[in-house]
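The values are calculated or read from the model by the stated rules, or taken from the named source; none is laboratory data. Quick caveat: nothing in here was measured; it's all calculated off a predicted structure. Reconstructed Cβ throughout: ideal geometry from the backbone, glycine too, with neighbour counts over all protein chains shown.
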Amino acid sequence: MDIRPKVLVTKIGLDGHDRGSRIVAAYLRDAGMEVLYTPPWQEIAAVVKLATEEDVDVIGISSLATDHLIVPKLMDALRTAGLSDVAVIVGGVVPDADEDLLLAVGVARVFHPGAPLEEIAQYIRDTTSKIRAQRVACHAVGPSVGPASAGRVITDDRRPPEGGPTNHCKGIA
């Protein structure tokens, strides 16, 4: 099966340096991925809303200043929205200590300046394959989709609390 990852490339916070994110987004598009690109200065709530509406597999965050330090808030917001199955990668200038923090809160991978574009693309392809396999396996367990699920799979008879997480599949991180 040909996997065409759906990737949201964005910048959160006040960092307006978007040249790197535009280059990565164009490369991923040319590599056959469906890419949603936002301009800089996105709010976390807007990123979560777009990720939900577009059913993305991966969110790529670009940081050249210190905006990667608000990624933990993004990770919390994604979990709250039931999007724990969406992989988050960060690219840019990230000190080692900050990279450890990002990985600890659930960021899948950090790419530093000079990372080969094909390495980023291959990581996204591999990650998307795993995510979609988990979604299929989760769905096979016996999904029930409630009105608040926003299309996400719920694999038990519980309905999500109003405004709460909507993905109860144990196989998706």
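Considering only residues that are of a type in the set (Gly, Ala, Ser), in a helix (DSSP H, G or I) and surrounded by 12 or more Cβ atoms within 10 Å (Cβ to Cβ), which ones fall in region 104-129? Across region 104-129, the qualifying residues are Ala121, Ser129. Looking across Val94, Val90, Val105, one residue alone is within 15 Å of the chain's Cα centre (by Cα) and under 21 Å from Thr38 (Cβ atoms). It is Val90. In region 31-66, the qualifying residues are those that are small (Gly, Ala, Ser) and under 18 Å from Asp15 (Cβ atoms), and the one that is farthest from the chain's Cα centre (by Cα) is Ala65.
How do the pairs read when you match residues in region 66-92 that are in contact (Cβ under 8 Å) with a residue 40 or more places away in the chain with residues anywhere that are assigned to a loop (DSSP other than H, G, I, E, B) and among the basic types (Lys, Arg), using Cβ under 6 Å and keeping only pairs 6 or more apart or on different chains? From residues that are in contact (Cβ under 8 Å) with a residue 40 or more places away in the chain, the pairs are Gly82/Arg152.
Check whether at least one residue in region 54-72 is touching a Phe, Trp or Tyr at 6+ places or on another chain (Cβ under 7 Å), among the aliphatic types (A, V, I, L, M) and on the phi < 0 side of the Ramachandran plot, and report yes or no.
Going through region 54-72, the residues touching a Phe, Trp or Tyr at 6+ places or on another chain (Cβ under 7 Å) turn out to be none.
For region 54-72, residues touching a Phe, Trp or Tyr at 6+ places or on another chain (Cβ under 7 Å), among the aliphatic types (A, V, I, L, M) and on the phi < 0 side of the Ramachandran plot: absent.
Asp15 satisfies every condition listed in (1) within 18 Å of the chain's Cα centre (by Cα); (2) touching a residue at least 40 places away in the same chain (Cβ under 8 Å) except (1).
Please find, within region 56-81, the residue that is farthest from Arg4 (Cα to Cα) out of those that are in a loop (DSSP other than H, G, I, E, B) and modelled with pLDDT of 95 or more.
Ala81
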